[in-house]
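Student: Starting off with a structure, shown below.
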Amino acid sequence: MTKGPHNMRVDFSLGNTPLPLEIQSVVIAGWTGRNLQAVQHHIDELAMLGIAPPSQVPLYYRVSHTLLCQSESIEVLGTGTSGEVEPLLIQQNGKRYLGLASDHTDRDLERHSVAASKQACAKPVATALWDFDAIMDHLDQITLKCWIEEDGQEVLYQDGTLAGIRPLTDLCEGAGMADGTAMLCGTLAAIGGVRPARQYRMEIHDPTTADTITLSYDVKTLPIIT
């Protein structure tokens with residue numbers, strides 16, 4: 001990654017072809033579930049953590065483009081953060097690409113301000129992308145999965161398909177996607193509830209092409225000094 005004052009070059013790949021993209025803005029789309037009952041379930045999950053419900057759904061939060069990272073490890077403040085698997089959309093030169101990201105969020109800060117909590121943590125992204133136009137006809141079949149390390153074992157944390165998330169083209173319209181924009185498009189309910197973990201492994205899988213994009217990272221906690 002190469003950072004500039006107003007944009008950042010991120011080195012992706014499309015198949016075996018290097019695909020460096022200039023990212024100027026990052027959008028975090030929240031409350032994007034297609035099933036309103038599932039959306040309410042996620043709202044209830046976070047309400048149990050003391051987080052206020054959204055003013056409307058979906059919402060589009062803006063965060064710094066410098067939060068995107070392709071590191072195998074991120075550092076966070078305290079133990080109250082958690083990640084979640086999300087489809088990643090990027091637009092450049094009028095063309096869109098689909099990838100994989102984790103909206104790692106400070107849940108403690110989220111109780112006070114969701115917008116601030118989105119800005120507090122790095123957003124890991126996978127290096128591989130797919131041509132969005134090539135998979136548009138079967139998007140709902142594409143699966144998302146996330147595993148976390150818990151008590152020394154890998155546990156399935158999230159599991160579903162893009163059919164559980166609002167149509168990605170609708171989210172693009174709602175966010176006003178422009179060239180140089182990367183958008184994390186929302187997530188699925190957490191199996192067993194939202195909670196922190198030290199390791200994450202995620203994948204987005206296309207059963208039609210048998211292609212899979214993977215993302216793994218560790219979380220290192222920094223002490224909260226008072």
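The values are calculated or read from the model by the stated rules, or taken from the named source; none is laboratory data. Please read these numbers as outputs of a predicted model, since none were measured by experiment. All Cβ positions, glycine included, derive from the backbone under ideal geometry; neighbour counts span all protein chains shown. Each accessible area value is taken on the protein alone, full model and side chains, heavy atoms only, with ligands, DNA and RNA left out. Shrake-Rupley method; radii C 1.70, N 1.55, O 1.52, S 1.80 Å.
Student: If you place +1 on the Cβ of every Lys and Arg and -1 on the Cβ of every Asp and Glu, how big does the dipole about the Cα centre of the range 10-77 come out, in debye to the nearest 20?
Tutor: Using only the charged Cβ atoms, the result is roughly 280 debye.
Student: What is the range 96-226's relative contact order, in percent, from Cα pairs under 8 angstrom and six or more apart in sequence?
Tutor: Relative CO of the range 96-226 lands at 26 percent.
Student: Dipole of the range 145-206 (Lys/Arg Cβ +1, Asp/Glu Cβ -1, origin at the Cα centre): which of Gly193, Gly176, Gly164 lies farthest to the positive side?
Tutor: After comparing all options, I get Gly193.
Student: Quick one: accessible surface of Met1, probe radius 1.4 Å, all protein chains present, in square angstrom to the nearest 10.
Tutor: Roughly 80 Å² of Met1 is accessible to a 1.4 Å probe.
Student: Which far-off residues, 5 or more places away or on another chain, put their amide H under 5 Å from the one on Gly160, with H placed in the peptide plane?
Tutor: Leu144
Student: How much of Lys145 can a 1.4 Å solvent probe reach, expressed as accessible area in Å² and rounded to 10?
Tutor: Only protein atoms counted, so the area is about 60 Å².
Student: What are the ³J(HN,Hα) couplings of the range 52-58, residue after residue, when phi is run through the Karplus curve with 6.51, -1.76, 1.60 and θ = phi - 60°? Round to Hz, x for glycine and proline.
Tutor: 5, x, x, 6, 7, 10, x
Student: Roughly how many debye, to the nearest 20, is the charge dipole of the chain about its Cα centre, given +1 on each Lys and Arg Cβ, -1 on each Asp and Glu Cβ, and no other charges?
Tutor: With only Lys, Arg, Asp and Glu charged at Cβ, the dipole is about 580 debye.
Student: With a 10 Å radius around each residue's Cβ, average the other Cβ atoms per peptide and rank 81-89, 49-57, highest first.
Tutor: Peptide ranking by packing, descending: 81-89, 49-57.
Student: Express the carbon and sulfur contribution to the solvent-accessible surface of the range 92-226 as a percent, rounded to the nearest whole number, probe 1.4 angstrom.
Tutor: 47
Student: Would you work out if the range 121-218 is rounded, prolate or oblate? Take a ≥ b ≥ c from the square roots of the eigenvalues of the alpha-carbon gyration tensor; rounded if a/c is under 1.5, else prolate when a/b is larger than b/c, oblate otherwise.
Tutor: Taking the square roots of the gyration eigenvalues as a ≥ b ≥ c, the range 121-218 is prolate.
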